[in-house]
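The values are calculated or read from the model by the stated rules, or taken from the named source; none is laboratory data. Note that the structure is predicted; figures quoted are calculated from it, not measured. Heads up, the Cβs are rebuilt from the backbone with ideal geometry, glycines too, and the neighbour counts pull from every protein chain shown. Only protein heavy atoms, including side chains, enter the accessible area calculation; ligands, DNA and RNA are left aside. Shrake-Rupley method; radii C 1.70, N 1.55, O 1.52, S 1.80 Å.
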Amino acid sequence: MSGIDSVLKENRLFQPSDEFRTNATVSGMEGYNALCEKATADYEGFWADLGRNLLSWKKPFTQILNQDNPPFFKWFEDGLINVSYNCLDRHLESKANKVAIIFEADDGSVTRVTYRELYHRVCQFANGLKSLGVVKGDRVVIYMPHTVEAVIAMQACARIGAIHSVVFGGFSAGALRDRIQDAAAKLVITANESIRGGKPTPLKSMVDEALGLGGCDSVEKVIVFQRTSNKPEHWNAERNVWWHKLVQDQADVCEPEWVESEHPLFILYTSGSTGKPKGVQHSSAGYLLGTQVTMKWVFDYKETDVYWCTADVGWITGHSYIAYGPLGIGATQVVFEGVPTYPDASRFWQMIEKHEVTTFYTAPTAIRSLIKLGGDLPKQYDLSSLRLLGTVGEPINPDAWMWYYETIGGGRCPIVDTWWQTETGCNMIAPLPGAVAIKPGSCTLPIPGIMADIVDESGAPVSTGKGGFLVISKPWPSMVRNIWGDSERFAKTYFPEDYNGKLYLAGDSAHYDENGYIWIMGRIDDVLNVSGHRLGTMEIESALAANPLVAEAAVVGKPHDIKGEAVVAYVVLKGQRPEGDDAKRIAKELREWVAHEIGKIAQPDEIRFGDNLPKTRSGKIMRRLLRDIAKGQEITADTSTLENPAILEQLRQSAI
Ligand code: WT7
């Protein structure tokens, strides 16, 4: 069943069990409604109370929300805080010996790190950063494997007020260079290699390559964590510093740098509808507050939980729900370096049994691929420790939802389908599991204090049963503060003039069902969601167009059983349109090119060559037609404005 049909037909509703509801932080719809009413009656007071109760301040704030210069909102402006203090120091009194991180490496070996140990390791590394001259406000790029050290690097930056920009280890040297350059980073932290699914990736060599591409003069040092025993290819004694050497003589305490609430905690690049990725800039206090509120309400955090979020720290989910959220609240969490299919497709279920995981948070794409690779495998494991499941990143189809609910959750664990974005910082629309009844495929209702709505083109809210654009109508503490170095693009992208700059436009279309539940229908811009990862079509197009063989390229998405969406590229070469083996060979070359320009995640699944692209008389590519062709559908759209109708037939037959 495709999107809109499932919205109209899905009416299975699952209530939390009495036991779950009774023990939940927010219990029953009375509990949920009471919070929503409080937020409506006194919006600022609502968030101020949470800010006081959930965060520890050096200097408490007296100002709550500053809206003097929209859309550049400020929260808790006159407070002083340190995020790392909130994630580490404040737990030392009562839970220094509690395990903070259960790290399971790719090869299955397990290391446990207590809050006290993590605190000392962060302090030592923070002192190491200081010894290299890193000060408050400096940008530090982190290009690391998904290990404890990645979390330490992030926390150490937060401790000294340096602004981190984590670049996912799957991005190419070119993508890394662009991010280093845009943020003018002073330092890069990497590892000799990462290792996933038994395969090494030479991260350090990728950094060397990135720096070699030029434009990275801001970089003074590259810290290298030794993850494997293999020696890096080159060693530049001036620039390179081993992690273990840097920390060996450092003190294991480090006074936190107290920063203003609005001090940027990090930048994280994400794809938009134009070519260049955007540096989403987050604050310190407001951001942390969003993670804490949602750990408490959405993940219904309990002191005895063993929490596991399977994301990588390279994405926002890994920031909010690995590096900051769980540590801020003092949880024990599993950090897993590897992939769900290595050594086989039972890895997740094995690990849930082994570590007695209570709360499991993953992506629909992982669920779908694990169903395909071994839907019966979970039955061989004891998953009875689980009490709560979550999904994130893309809509989940009701079939996969039911499998997750029954086979993994044993029919007893609520599923929190969490809608949010890199820009929102924390979960925005998701069921509070002890209150809101869940429905397969819907992210249900907004979190109390989040003023989400669905509006029509004029900005007027649509009614029950209707669809439109998803917006947030009031600033919230963990919202994006800016696009790094591009305030104009920030205002234009998120607070468009169409709505008088008053509404945050998420970029998703959504629908209310008959119960007023929200269903996310997909992006309204040229952004694809491939395996829960956001990719800009223009970004892939520019990468293709940069290849010397290519004259022009257009990229669209098409539905994919496992990935959600797959990338389809239409390519016009400078020379003849290739056919047969030639076409296959060039397609392979172009796929490798994209992997090299952006990263493997952006590789087209399908490339079709044409003599031309379908364009209007004014030269605009008609992507709607390209989408229909990619889906193998009849073209229903109006083609009367098409300059070159014959091209459609050629492209239709061009699948290789
Ligand atoms: C886009 C944001 C949020 C962390 C991971 C992705 C889509 C996200 C859901 C969901 C349906 C979802 C939206 C959104 N999305 N969560 N639960 N149901 N769609 O972060 O890379 O910033 O992407 O992911 O389209 O706009 P991101």
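Taking only the C-alpha atoms of the range 216-270, the Rg (one decimal) and the largest Cα-Cα distance, Dmax (whole number), read 15.7, 42 Å.
I need to check one value: relative contact order of the range 201-299, counting alpha carbon pairs closer than 8 Å and at least 6 residues apart, in percent.
On the way: 69 pairs, mean separation 17.2, N = 99.
With pairs under 8 Å counted, the relative contact order is 17 percent.
Diffusion coefficient of the range 531-651 by Stokes-Einstein, Kirkwood radius over Cα pairs, 20 °C, 1.002 mPa s: 146 µm²/s.
Based on the Cβ-Cβ distance of ASN23 and ASP49, what FRET efficiency does E = 1/(1 + (r/R0)^6) give at R0 = 25 Å, to the nearest 0.05? List each step's numbers first, then the result.
Values: r = 23 Å, r/R0 = 0.92.
The value I calculate is 0.65.
Would you please name the trypsin sites (Lys or Arg not before Pro) within the range 567-656 that are DSSP coil residues with at most 15 other C-beta atoms within 10 Å of their C-beta? All intermediate terms of the calculation are to be shown ahead of the outcome.
Values: sites: LYS574, LYS584, ARG585, LYS588, ARG591, LYS600, ARG608, LYS615, ARG617, LYS620, ARG623, ARG624, ARG627, LYS631, ARG652; in loops: LYS574, ARG617, LYS620.
Listed in order of number, the matching sites are LYS574, ARG617, LYS620.
Scalar couplings 3J(HN,Hα) for the range 145-161, obtained by applying the Karplus form with A = 6.51, B = -1.76, C = 1.60 to θ = phi - 60°, are x, 7, 10, 4, 5, 5, 5, 4, 4, 5, 4, 5, 4, 4, 5, 9, x Hz; x denotes Gly and Pro.
Give me the percent of the accessible area of the range 137-282 that comes from carbon and sulfur atoms, probe 1.4 Å, all protein chains in place. Let's see the in-between values first.
Numbers: 2320 of 4990 Å².
Taking all protein chains in place, the range 137-282 shows 47 percent carbon and sulfur surface.
Please give me the summed charge of the neighbours of ASP182: other residues whose Cβ is under 13 Å from its Cβ, Lys and Arg +1, Asp and Glu -1. Mind showing how you got there, number by number?
Values: positive: ARG139, ARG177, ARG179, LYS276, LYS278, ARG489; negative: ASP178, ASP486.
Taking every Cβ under 13 Å from that of ASP182, the sum is +4.
For ALA554, neighbours were defined as the other residues whose beta-carbon sits under 12 Å from its Cβ, and their charges (Lys and Arg +1, Asp and Glu -1) total +3.
Between ASP249 and LYS631, how high is the FRET efficiency from 1/(1 + (r/R0)^6) when r is the Cβ-Cβ distance and R₀ = 45 Å? Nearest 0.05.
In this case the efficiency is close to 0.15.
How large is the helix-only mean residue ellipticity at 222 nm for the chain, computed as the sum of -39500 (n - 2.57) over DSSP H runs with n ≥ 4, divided by its residue count, in deg cm²/dmol to the nearest 500?
Working: 20 runs with 197 residues, N = 656.
Here the helix-only value at 222 nm equals -9000 deg cm²/dmol.
Label sites at LYS98 and PHE14, each approximated as a point 7 angstrom past Cα along Cα to Cβ, lie 2.8 nm apart.
Report the Rg/Rh value for the range 84-126, based on alpha-carbon coordinates and the Kirkwood definition of Rh.
On the Cα set of the range 84-126, Rg over Rh gives 1.04.
When the solvent-accessible area of the range 473-557 is split by element, carbon and sulfur atoms take up 48 percent of it, the probe being 1.4 Å. Taking the DSSP bridge list for the chain and keeping only pairs wholly inside it, about 60 percent are antiparallel. Remark: relative contact order (the chain) = 13 percent; criterion is Cα-Cα distance under 8 angstrom and separation of 6 or more residues. Extension gain, ASP605 to SER487, is 39.0 nm, computed as 0.36 nm per intervening residue step minus the present C-alpha separation.
State the percentage of accessible surface on the range 293-386 attributable to carbon and sulfur atoms; use a 1.4 Å probe and exclude ligands, DNA and RNA. Let's see the in-between values first.
Values: 1390 of 2670 Å².
Looking at the range 293-386 in its full context, I get 52 percent from C and S.
Let me check against my output: what whole-number percent is the relative contact order of the range 22-151, with C-alpha pairs under 8 Å and at least 6 apart? Walk me through the intermediate numbers first.
Details: 99 pairs, mean separation 17.1, N = 130.
Relative CO of the range 22-151 lands at 13 percent.
From the residues CYS254, VAL572, TRP235, which one has its Cα farthest along the dipole of the chain in the positive direction, the dipole being from +1 and -1 charges on Cβ of Lys/Arg and Asp/Glu about the Cα centre? Sorting the options by dipole projection puts first TRP235.
For the range 349-471, how big is the tail of P(r) above 27 Å, as a whole percent of Cα pairs? Intermediate values should be presented prior to the final figure.
On the way: 1814 of 7503 pairs.
It works out to 24 percent of all Cα pairs.
Between ARG585 and SER463, the modelled label-to-label distance comes to 6.4 nm, taking each label 7 Å out from Cα in the direction of the beta carbon. Computing FRET efficiency as 1/(1 + (r/R0)^6) for GLU497 and LEU373, where r is the C-beta to C-beta distance and R0 is 51 Å, gives about 0.60.
Take the Cα of GLU406, step 7 Å toward its Cβ, do the same at ASP344, and the gap between the two points is 2.4 nm.
Legend note: in the chain, cysteines whose Cβ sits 4.7 Å or more from every other cysteine Cβ are CYS36, CYS87, CYS157, CYS216, CYS309, CYS413, CYS426, CYS443.
For ASN240, nonlocal amide neighbours, meaning residues 5 or more places apart or on other chains whose placed amide H falls under 5 Å from its own, are VAL222. Computed over protein heavy atoms with a 1.4 Å probe, the accessible surface of the range 531-651 works out to 47 Å² per residue. Hydrodynamic estimate: the Kirkwood radius of the range 532-578 over Cα pairs, inserted into Stokes-Einstein at 20 °C and 1.002 mPa s, corresponds to D of 186 µm²/s. How large is log10 of I(q)/I(0) for the chain at q = 0.06, 0.08 Å⁻¹ when the intensity is taken from the Debye formula with one equal scatterer per alpha-carbon? Scattering profile of the chain, log10 relative to I(0): -0.32, -0.58.
Accessible area per residue for the range 66-184 in Å², computed with a 1.4 Å probe and the full protein assembly in place, what is it?
For the range 66-184, the per-residue accessible area is 30 Å².
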